[in-house]
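Report on the structure given below.
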Amino acid sequence: MAVEHDKKTDAPPDRTSPHGHENYIAGHTLISGDGPAWTDLFVQVFSRLKAQEPFLVPAVAEPLVVWVMSGEALVEERDLGGEWTANRVAVGDFFLTRSVTPYEMRWHAKGDEPFQVMHLYLSVPLFERVAEEMLGEARIGLRDVSGGRDVQLSNLLALIYRELSAEGAGSALFVQGLAQSLAVHLIRHYASGEGKGRRQNALPGAKLRRAIDFMDARLHEPFDLAQVARCVGMSEFHFSRLFRKAMGFSPSHHFIRQRVAKAQRLLQETDSRIIEVAMAVGYSSPSHFAQIFRRETGISPRAYRRD
């Protein structure tokens, strides 16, 4: 069943930080993942802000399609520490990745139309089952595509979106048929010829999302790796290793980064005292909080608020 999480605010704040952009996107997110109709697809639809600061796109096991539904933008991507490459995209353009390493992305939307995109993850079991039937090889790679255009793919994605946004849970048979058709299309047109084993050490996107949501809801508490690993049904060692492969840093470092990101939002968007901000993100010692904040951002909390 599609679950809608409305992320609109009654009035946007006068101030926000780059890390706060996601909390104020002008639109809503649709998530398919809690019903039998959506077993093989995880779909999100976002209405984005005009300008997006660089953010990390994690490496996950599933093929990911990002489809532009409204507006146009200059989208830039780069490997971690690499050079930025740019693509101007408009309605109907898409990105396809099954990257084995995380990378960064940023964009600036053009014109007056809202910049809306759909993110779709295709389940690995379905993808590999279709690949085995078509090519006799379950573990194949896909070519990365940035700013491509594919009318048949757009038609499939439009059907998926309509089913996702329809009332009720959607037709399981119809969604499963669309998921299979999507897998066939991607393999037929974008298979890269890379052999087996390419994704065997990747963290499934569903587990990654669950772990990140679990940590983000507990930023005021001490970090507990065992608890996070348990929430996704993995050992601490296995989870830590695959999380690092997906995100480029450890779970504990992600936890710290998210604490600092929340602190940045509070410093920019509220008049709370710095000690109150520190306590809201789990630091009882102002000096320890300032030390961590400076290490992650390069400046002190007081200077960040002043700037």
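The values are calculated or read from the model by the stated rules, or taken from the named source; none is laboratory data. Quantities reported herein were computed from a predicted structural model and do not represent experimental measurements. We place every Cβ from the backbone using ideal geometry, glycine too, and count neighbours over all the protein chains shown.
Points worth noting:
- Search result, residues across the stretch 124-140 that are in contact with a Lys or Arg (Cβ under 8 Å, 6 or more places away or on another chain), closer than 21 Å to V100 by Cα, part of a helix (DSSP H, G or I) and aliphatic (A, V, I, L, M): V124, A131
- Considering the stretch 162-179, and only residues there that are modelled with pLDDT of 90 or more and surrounded by fewer than 17 Cβ atoms within 10 Å (Cβ to Cβ), the residue that is nearest to R98 (Cα to Cα) turns out to be G177.
- Check on A263, in contact (Cβ under 8 Å) with a residue 60 or more places away in the chain and of a type outside the set (S, T, Y): no
- Being buried (at least 16 other Cβ atoms within 10 Å of the Cβ) and modelled with pLDDT under 90 is a property that does not hold for L159.
- Qualifying positions in the stretch 210-256 - in contact (Cβ under 8 Å) with a residue 40 or more places away in the chain and within 23 Å of H119 (Cβ to Cβ): A211, I212, M215, D216, L242, F243, K245, A246, M247, G248, P251, H254
- Contact map, the stretch 44-58: residues that are assigned by TED's automatic domain parsing to the domain that holds F115 paired with residues that are among the basic types (K, R), Cβ distance under 6 Å, separation 6+ or inter-chain. Pairs shown: Q52/R106; P54/R106.
- Residue pairs meeting the criteria (Cβ under 9 Å; at least 6 apart or on separate chains; first in the same structural domain as L153 (by TED's automatic domain parsing) and among the acidic types (D, E), in the stretch 106-119; second modelled with pLDDT of 90 or more and in a strand (DSSP E or B)): E113/S70; E113/E72
- Candidates D93, D79 - the one that is surrounded by fewer than 16 Cβ atoms within 10 Å (Cβ to Cβ), farther than 22 Å from A261 by Cβ and outside the structural domain of R244 (by TED's automatic domain parsing): D79
- Matching residues in the stretch 64-95 - criterion: being modelled with pLDDT under 90 and either over 30 Å from R244 (Cβ atoms) or in contact with a Lys or Arg (Cβ under 6 Å, 6 or more places away or on another chain) (or both): W84
- Candidate set: the stretch 141-177, residues that are assigned to a helix (DSSP H, G or I) and in contact with an Asp or Glu (Cβ under 8 Å, 6 or more places away or on another chain); chosen: the one farthest from R106 (Cα to Cα): F174
- Selection count where residues are within 18 Å of R244 (Cβ to Cβ) and in a strand (DSSP E or B), scope the stretch 96-115: 2
- L126 passes every criterion in (1) among the aliphatic types (A, V, I, L, M); (2) surrounded by fewer than 16 Cβ atoms within 10 Å (Cβ to Cβ); (3) modelled with pLDDT of 90 or more apart from (2).
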